[in-house]
1. Within the chain, which is the longest segment that contains none of the trypsin sites (Lys or Arg not before Pro) sitting in a DSSP loop with at most 12 other Cβ atoms within 10 Å?
2. Starting from the Cα gyration tensor of the stretch 129-219, take the square roots of the eigenvalues, sort them a ≥ b ≥ c, and report rounded, prolate or oblate (rounded when a/c is under 1.5, otherwise prolate if a/b is larger than b/c, else oblate).
3. Between the helical axis of 153-183 and the dominant principal axis of the chain, each derived from Cα atoms, what acute angle in degrees is found, rounded to the nearest 10?
4. Would you list which lysines come within 28 Å of residue 114, measuring only between C-alpha atoms, while excluding same-chain residues fewer than 8 positions from it?
5. Compute the helix-to-body angle for 242-266: its Cα long axis versus the longest principal axis of the chain, expressed 0 to 90° and rounded to tens.
6. So, with +1 on the Cβ of K and R and -1 on the Cβ of D and E, and no other charges, what is the size of the charge dipole of the chain about its Cα centre, to the nearest 20 debye?
7. Using a basic spin-label model with each label point 7 Å from the Cα along Cα→Cβ, how many nm lie between residue 197 and residue 242?
8. In deg cm²/dmol and to the nearest 500, what is the mean residue ellipticity at 222 nm of the chain if only DSSP H runs of at least 4 residues count, each as -39500 (n - 2.57), divided by the residue total?
Amino acid sequence: MSTRITTVSASRGPSLRGLLAELWAYRSLVWAFSSRDLKIKYFQTIFGPLWIILTPLITVGVMTFVLGLMIKVPSDDLPYLVFYLVAIVPWLSFITVFTQTMTSLEAHGALLNKIYFPRLVIGASYAVNGAIDFLVGFAAAVAVAAAYGILTPQFLLAMPVLLAIQMAWALGLGYFLAPYNAQFRDVKHIVPLLIQLYYFACPILYAVSLAPAWAKWLYTVNPLASVITTYRSLLNGHPLDWTGLAWALVASFGMLAWGVAVFMRKEQEMVDVL
């Protein structure tokens with residue numbers, strides 16, 4: 001029976017290759033955390049995992065009735081059900097991964113003080129669950145788009161890249177704020193307000209075409225806005241915006257790298273705080 005020996009040193013930060021190798025070595029722990037959270041989330045519920053698809057469908061149903069049928073918000077020629085579904089599915093997955101990663105150190109404080117394992121593992125497990133939730137919701141969006149006859153191959157092919165952008169953005173923001181949330185309790189009060197602002201800053205309830213010309217650049221620099229607008233654009237048969245996609249990739253993975261760097265630099269200080 002082999003024994004894994006882990007040496008923790010504060011002399012210098014680990015390399016990217018070292019981080020990836022360590023995460024891979026602890027991949028079974030990622031799955032263990034992921035499985036545990038899924039069981040807790042749906043334990044003693046009548047519908048169980050069906051809530052993964054019921055949550056976005058109910059939300060989109062309300063949006064379609066109020067904003068589509070009653071207020072008649074322009075939807076860029078897309079059916080309202082599709083228009084809102086391809087926006088709310090990425091949003092729900094993003095916000096879940098972001099908020100859970102942000103609170104990961106605080107939520108696992110007792111465990112982190114007892115044993116060593118890479119703290120990044122916790123966020124990675126949240127990303128796995130977020131990806132599962134997204135893929136189930138995305139399958140529903142594909143089915144609805146196909147029923148309306150507007151499903152395109154580009155919509156399906158672009159999904160892995162857009163999912164990577166969405167997850168990198170969520171994890172990057174979550175890792176960046178996690179040590180500050182553990183140290184300063186004000187963060188958990190401020191972030192919900194910022195989330196509300198960010199919700200309206202993303203074109204979830206409306207189309208980007210409704211925004212004034214001076215505000216269009218805000219959607220270009222917002223990776224999640226690029227994800228949502230790309231899904232809608234591809235369903236409308238428009239060509240892929242390579243420039244916007246490239247920027248979203250750079251911004252999201254740049255945020256992930258920055259978030260991980262801050263997280264790794266400050267995680268050792270958190271042992272005395274938690």
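1. Free of exposed loop sites, the longest segment is 186-274.
2. Numbers: a/c = 2.51, a/b = 1.50, b/c = 1.67.
In terms of gyration-tensor shape, oblate.
3. Taking Cα atoms only, the helix is inclined about 40 degrees.
4. Of all the lysines, those that pass the test against residue 114 - Cα under 28 Å, at least 8 places apart if same chain - are 39, 41, 188, 266.
5. 20 degrees
6. That gives the chain a dipole magnitude of about 480 debye.
7. Calculated label separation equals 3.6 nm.
8. Computed ellipticity for the chain at 222 nm equals -22500 deg cm²/dmol.
Here, each number is a calculation from the coordinates, and none is a lab measurement. Owing to the predicted nature of the structure, the values given are computational and were not obtained by experimental measurement. As a convention, Cβ positions derive from the backbone with ideal geometry for all residues, glycine included, and neighbour counts pool all protein chains shown.
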